[in-house]
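Here the structure is laid out as structure tokens; the discussion comes afterwards.
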Amino acid sequence: MANQGAKKRKDENDRHLAWLRKLVIIASAVHMVFRFAVFHASLSWLNWVGLALSLAAYKLCYGGIAYLAQPTYDDNGELIDGGYDLSMGGMCGYYHDIIYITSFVHVMGILSDKVWYVYVAVPVFAAYKFWQLVLYPYIFEMGGGGEEEDEKSRKKREKAERKGSRTKFVRSRR
């Protein structure tokens, strides 16, 4: 019964990785068969560059997810940890998003080359997160240290702190 949660997490991760692997293979195969075999007349060198970049994105993101999902074993070969919970957010969530966007672009790229513009969403979102988490706090919030807050805003802040520190009672069912 020991490490039951770790075994369950390892099994969930293995199933999820298998599902992602199938998604990547099917989306790539559909794109290559239709785009390079059926619609080869409208093919250009940009299609080859897009395919190479998207396959690199698949490899990077799937490799990152697989690395996070690796279980940990002790010296005797017994399972200690089942790996990272792949349903959690953070970098793992971003890897999933890129895999889903790439799969969408591959499947819909059969119909039009303009679908590749969806990839612009990835660097735009990355720039937004970089601004929000790195640049904005250091640029705009560090320089405001010399300002005094007025009486009204101080009282409002203190009231919010008192309200937030109160103990909240939750009714329980009996």
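Residues that are in contact with an Asp or Glu (Cβ under 6 Å, 6 or more places away or on another chain) and of a type outside the set (A, V, I, L, M) within the stretch 72-107 comprise just one, T72. In the stretch 30-46, of all residues being surrounded by 10 or more Cβ atoms within 10 Å (Cβ to Cβ) and β-branched (V, I, T), the one that is farthest from Y117 (Cα to Cα) corresponds to V33. State all residues of the stretch 9-24 that are exposed (fewer than 11 other Cβ atoms within 10 Å of the Cβ) and among the aliphatic types (A, V, I, L, M); if no residue qualifies, say none. Result: A18, single match.
Can you tell me which residue among A27, A6 is in contact with a helix residue (DSSP H, G or I) (Cβ under 8 Å, 6 or more places away or on another chain) and crowded, with 16+ Cβ neighbours inside 10 Å?
A27
If you take the residues in the stretch 85-105 that are aromatic (F, W, Y) and surrounded by 16 or more Cβ atoms within 10 Å (Cβ to Cβ), which one is farthest from the chain's Cα centre (by Cα)? Out of the qualifying residues, it is Y95.
Residues that are in contact (Cβ under 8 Å) with a residue 40 or more places away in the chain number at least 3 in the following helices (runs of 4 or more DSSP H) confined to the stretch 58-167: 91-108.
May I ask you to list the residues in the stretch 106-127 that are more than 19 Å from the chain's Cα centre (by Cα) and not hydrophobic (A, V, I, L, M, F, W, C)? Hits for the stretch 106-127 are G109, S112, D113, K114, Y117. For the stretch 75-84, the candidate set comprises residues that are among the small types (G, A, S) and surrounded by 10 or more Cβ atoms within 10 Å (Cβ to Cβ); within that set, the residue that is nearest to the chain's Cα centre (by Cα) is G83. Kindly evaluate N13 against the criterion of being within 12 Å of H106 (Cα to Cα) and at pLDDT below 90. In short, no. Suppose the filter is out of contact with any Pro (no Cβ under 6 Å at 6 or more places or on another chain) and modelled with pLDDT of 85 or more; does Y136 pass it? Against the criterion (out of contact with any Pro (no Cβ under 6 Å at 6 or more places or on another chain) and modelled with pLDDT of 85 or more), Y136 does not qualify. Among the numbered conditions (1) of a type outside the set (S, T, Y); (2) modelled with pLDDT of 85 or more; (3) in a loop (DSSP other than H, G, I, E, B), the only one that M32 does not meet is (3).
The values are calculated or read from the model by the stated rules, or taken from the named source; none is laboratory data. From a predicted model like this one, the values you see are computed outputs, not experimental measurements. Don't worry about glycine lacking a Cβ; one is built from the backbone with ideal geometry, like all the others, and counts go over all protein chains shown.
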